[in-house]
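The values are calculated or read from the model by the stated rules, or taken from the named source; none is laboratory data. It should be emphasised that the depicted structure is a prediction, and the values quoted were computed from it without experimental measurement. Positions of Cβ are generated from backbone atoms using ideal geometry, with glycine treated the same way; all protein chains shown enter the neighbour counts. To get the accessible areas, we keep the full protein, side chains included, count just its heavy atoms, and leave off ligands, DNA and RNA. Shrake-Rupley method; radii C 1.70, N 1.55, O 1.52, S 1.80 Å.
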Number of protein chains: 2
Amino acid sequence: MEQKTLDPAVQAAVDQYKALEEKLAHFLSISSLLEWDQKVTAPKKGRPIFAKAIGTFRTEEFKLSVSDEMGELLNTLSTPEVYANLDEITQAQIRERKEEYSRSKKIPADMYRDYVVLTARANDAWEEARETNNFSIFEPFLEKIVDYNRKVAGIFGYEHHPYDALLHQYEPGLSVAVLDPLFAKLRESSVALLERIKQSGSKPNVGIFEQSYDVEQQKKFNQYLLPLIGFDMNAGRLDETVHPFAQPMNTGDVRITTRYLKDNVRSAVFGTIHEAGHGIYEQNIDPRLEGTALSTGASFGIHESQSRFLENMVGRSEAFWHHFYPTLQQHFPEQLGQVSLTEFYRAINSVQPTMIRVEADELTYNLHIMIRYEIEKALIGGEIEVKDLPEIWNQKMQDYLGITPATDTEGVLQDVHWSFGGFGYFPSYSLGNLYAAQLLSTIVREKPDFYDQIQAGNFAGVQQWLKENIHRHGKLYTPEQLIKNVTGEDLKADYLVNYLEDKYSRIYNL
Amino acid sequence: MEQKTLDPAVQAAVDQYKALEEKLAHFLSISSLLEWDQKVTAPKKGRPIFAKAIGTFRTEEFKLSVSDEMGELLNTLSTPEVYANLDEITQAQIRERKEEYSRSKKIPADMYRDYVVLTARANDAWEEARETNNFSIFEPFLEKIVDYNRKVAGIFGYEHHPYDALLHQYEPGLSVAVLDPLFAKLRESSVALLERIKQSGSKPNVGIFEQSYDVEQQKKFNQYLLPLIGFDMNAGRLDETVHPFAQPMNTGDVRITTRYLKDNVRSAVFGTIHEAGHGIYEQNIDPRLEGTALSTGASFGIHESQSRFLENMVGRSEAFWHHFYPTLQQHFPEQLGQVSLTEFYRAINSVQPTMIRVEADELTYNLHIMIRYEIEKALIGGEIEVKDLPEIWNQKMQDYLGITPATDTEGVLQDVHWSFGGFGYFPSYSLGNLYAAQLLSTIVREKPDFYDQIQAGNFAGVQQWLKENIHRHGKLYTPEQLIKNVTGEDLKADYLVNYLEDKYSRIYNL
């Protein structure tokens, strides 16, 4: 992109704006490290004390982001005739910052403060409700959280559905009008496919995982695997936490975690591959975007597409294990020495409805998301009430998955998201799957030897393609633009529907 | 201490001042974590990028500490009639802050900026000089650093010797007039004692350490030892770095490191005990001081007294190993199974002049410090020149230790301190030994069963004494006050002189 000569006064404003953005980017990377440290390394007694320091720091960070200086600079630079002459990076920075600035400014300070207190308490209540299987403990808190989010939707504003205003926080530009048909198609085809799988009588042997897998051997295998699939160990690290996550400090420092369960070798391997997908994305953002708010993923959904792509389209493929299975067998000769590649491949792709979302397979996972999406949309739309959630939840589980939770703990209380008010977040997970399948279709078209390369253990070409098309752009484009640029069309459900149909037809001989 | 009722305007200033101090304390604990992370966990490629974020953060921190707001508050609160009515914690905060504020304000900003650039380059030059054994590469940088520090001494001001102004940065209130006689006495007695040891013909069998000690076993032993000697593992952690150090985030989070050498089991054990001494100090500071600049050690020298006390007076005592040696033997049955406790005890206390300070034993260590002290004092006093340092260094090594470095790398170039301009820092190490011996004399007087308790593996009483007398006070008192409060007298060389005389007379049958 060619650099235009700007009016000196505009240039001065641009320089001042970029310096402020860089400061905010530096603060954000420090915030990110503080969060990682609290989760991974900080000792028990230090955490509550350090939380106060983090509070002080976050307040400074927030003040900076909503400062008068920022407001004035955004005003100056987003005047159409000024904006039009800026380079695309500056334009994208302003686009993103304006969104966040106006959202932050719209919520009255005391309303937000009350909400922070509410969600902190709600989290405790949710934990207790979950432990004691008593929805009524969480219910009054959830009611207030829903009320707040409905109010916020009104304050943020929306064209058609109040839920749109919340969706935008995670997936800029997304709306119920776009999601409804996508999700309806995915849900219907998934329910039908699940029925055919159930009736097929074919059962992968998941018993091979019900053995003891030495944790040290699991660690060795994960450390071996990680760099080979494209994660740069000089620009990141792998640690261990109960809930795996990925946390970027900058493109040279992206930290991921996994967990090792003695009775579940799949958990660590696929957890690591999933988080590596998030990590590789952040490691490969164009260094030109360093020091801006664009040096991160395009959206929650696009981020999830990268983790799902690596975990499922790559990591659960036959080609992948054709290459890596012998090494896994060497790590666990007793447990897997006599298990064939085909048997292993079918076992890691076994479809089995479960009560718990995070334990779900590739097919039924999206049905768990549909349930949450439909409930959130109806709650924010004012069509259903919090007190009816357990019943609604269980009915939907029966309708889509054919099973009914025996308790609310394994039903409506299973996820943490509502306790922190994350309405609009869940759809990102299925969006990730939808994006991933559409990207797979494009990559296979452009690189017909895609799975041959993976089978040969050659990930360089695949990662280069992802870097070129997705990773390097960071948040330069909106998710909508990005997916259209790369795949040539808007997001469609067909790719994921066909991918699932094709994959499971072969595995279950449908 | 009784809480006095203050004039409302004064109370408002106190509240504002305390809030500002708390913010600075929070910033400091974040700075501390950022530093720890860069040294211990950050991946290679992330460090240079994150360094920019740290730079931004430190600038904010510095601005806050020298803000007009701070200046005005200090002015208001240090008026004698106001100051006299403040509680002792607030008084001590103001005492410390005034010192730092006035030092920071006195150095012109551009002079300081040039110096930061100079020391960054000097560090590279020092590294190169050391690697290539070529003092002349470092010489021009060191000349400028000495010039700067001489100027700074003039700007800070001093009564008798310019070096005093630099000493104060590390040990408030200390001066050449105090140090000279202390160090002279210690130096003379140490040189004489070393001579008698050399002539004794007795040689501890250090050969027992020249074996291979499995690193995993070393880690296990260190992790076992650490909580037993008083380090709270829920308020800290032990990691591994090339250069061991201790870093406090707050009283609930104090992180120490050690290093494991396959051919040197002593290195990790005594490194761990030493850093644990620093760590236990920080863990036991009174929580009332949390959120103030007083929540750290009283001075560099007092801090070092706690690490040296635990490492040497406790960790190199016969009583200590009477308790722990059987367990160490269990960890290394092949290497130590046939070595008696007495043989082991004598070996860990072997005296042997070495070229390198950090490898020195308890006796000769102080002689290394004398050399540095005398050189620094003469450089800052303008009595000697940088170009003559290699020769001066080697002569002093010969005079005090009886050995002459073959190269400048193992001579004048061995320490990093001068490359970052740390003039006035080295004396803290020997001060630590002096304080530690004086404290030992007091503790043994007050608790005559001191070594019996250690021999029984009971560290609670000893740690309680240190907490009560030293740790809990943090930086509430000046080192001078503190040592007088605890031991009843000013710092004297006699205690360390007698301790060394007594210890080595027995070990070497003098």
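Structural remarks
- Note on region B:278-332: along the principal axes its Cα atoms extend 45, 20, 16 Å, ordered by decreasing extent.
- Semi-axis lengths, Å, region A:437-491, gyration tensor of Cα atoms, sqrt of 5 times eigenvalues: 22, 13, 6
- Size of region A:8-105 as Cα extents on the principal axes (Å, biggest first): 55, 22, 22
- Label point 7 Å beyond Cα along the C-beta direction, distances from residue B:64 to other copies (nm, shortest first): 1.1
- At a probe radius of 1.4 angstrom, the accessible area of the protein assembly as shown per residue rounds to 42 square angstrom.
- Cα-based equivalent ellipsoid of region B:212-361: semi-axis lengths in Å, sorted from largest, via gyration tensor: 28, 16, 14
- Percent accessible area from carbon and sulfur atoms, the protein assembly as shown, protein chains only, probe 1.4 Å: 50
- Each other copy places its own label point for residue A:88 at 6.7 nm from this one, sorted shortest first, where the point lies 7 Å along the Cα-to-beta carbon line.
- Between copies, residue A:132 shows label-point distances of 7.3 nm, shortest first, with the point placed 7 angstrom from Cα along Cα to C-beta.
- Exposed-site-free run, longest, chain B (rule: GluC sites (Glu not before Pro); DSSP loop; at most 13 other C-beta within 10 Å): B:211-382
- Rounded Å value of the spacing that divides the Cα centres of region A:429-492 and region B:378-393: 65
- Members of A:18/A:98; B:39/B:220; A:44/B:23; B:447/B:467; A:23/B:106; B:185/B:377 lying beyond 19 Å, as alpha-carbon distances in this model show: B:39/B:220; A:44/B:23; A:23/B:106
- Computed over neighbours whose Cβ is under 15 Å from that of residue B:503, the net charge equals -2, Lys and Arg +1, Asp and Glu -1.
- Across peptide B:35-46, the average count of Cβ atoms from other chains found within 10 Å of a residue's Cβ is 6.
- For the residues of B:55-63, the average number of beta carbons from a partner chain within 10 Å of their own beta carbon is 3.
- Counting all C-alpha pairs of chain A, share separated by more than 34 Å (%): 39
- The alpha-carbon atoms of the protein assembly as shown define a convex hull whose volume equals 206 cubic angstrom per residue.
- DSSP finds beta bridges in region B:170-272, and of those with both partners inside it, around 50 percent are antiparallel.
- Buried area at the A-B interface (accessible, heavy atoms, 1.4 Å probe, summed, Å²): 3000
- Whole-angstrom gap from region B:1-39 to region A:54-80, using each part's C-alpha centre: 25
- Spin-label zone in region B:274-288 - amide nitrogen under 17 Å from a point set 7 Å from the Cα of residue B:468 along the C-beta vector: B:284-286
- Placing pseudo-labels 7 Å out from each Cα toward the beta carbon at residue B:494 and residue A:343 gives an inter-label distance of 8.3 nm.
- Taking all C-alpha pairs of region B:236-297, those more than 16 Å from each other amount to 44 percent.
- Alpha carbon Rg of region A:131-235, scaled by the compact-globule rule 2.2 N^0.38 Å: 1.76
- Counted as membrane-span-like here are DSSP H helices of chain A whose alpha-carbon atoms extend 15 Å or more along the helix's own axis and whose Kyte-Doolittle mean is -1.0 or above; these are A:8-40, A:46-65, A:109-132, A:135-156, A:176-200, A:215-228, A:265-283, A:318-331, A:365-380, A:389-401, A:427-446, A:494-507.
- Neighbour-limited loop hits for trypsin sites (Lys or Arg not before Pro), region B:5-109 (at most 16 other Cβ within 10 Å; DSSP other than H, G, I, E, B): B:44
- Counting DSSP beta bridges with both ends in the protein assembly as shown, the antiparallel % (nearest 5): 50
- Chain B: relative contact order as a whole-number percent, Cα under 8 Å and 6+ apart: 20
- The residue A:79 and residue B:220 beta-carbon pair, evaluated with R₀ = 60 Å, returns a calculated FRET efficiency of approximately 0.35.
- The Cα center of region A:283-349 and the Cα center of region A:123-194 differ in position by 29 Å.
- Dividing the helix sum by the residues of chain B, where each DSSP H run of 4 or more adds -39500 (n - 2.57), gives a mean residue ellipticity at 222 nm of -20500 deg cm²/dmol.
- Cα-projected label distance for residue B:263 with residue A:358, points at 7 Å along beta-carbon direction, nm: 4.8
- Comparing the full protein assembly with the isolated chain, the residues of region B:239-287 losing at least 50 square angstrom of accessible surface (1.4 Å probe) are B:250.
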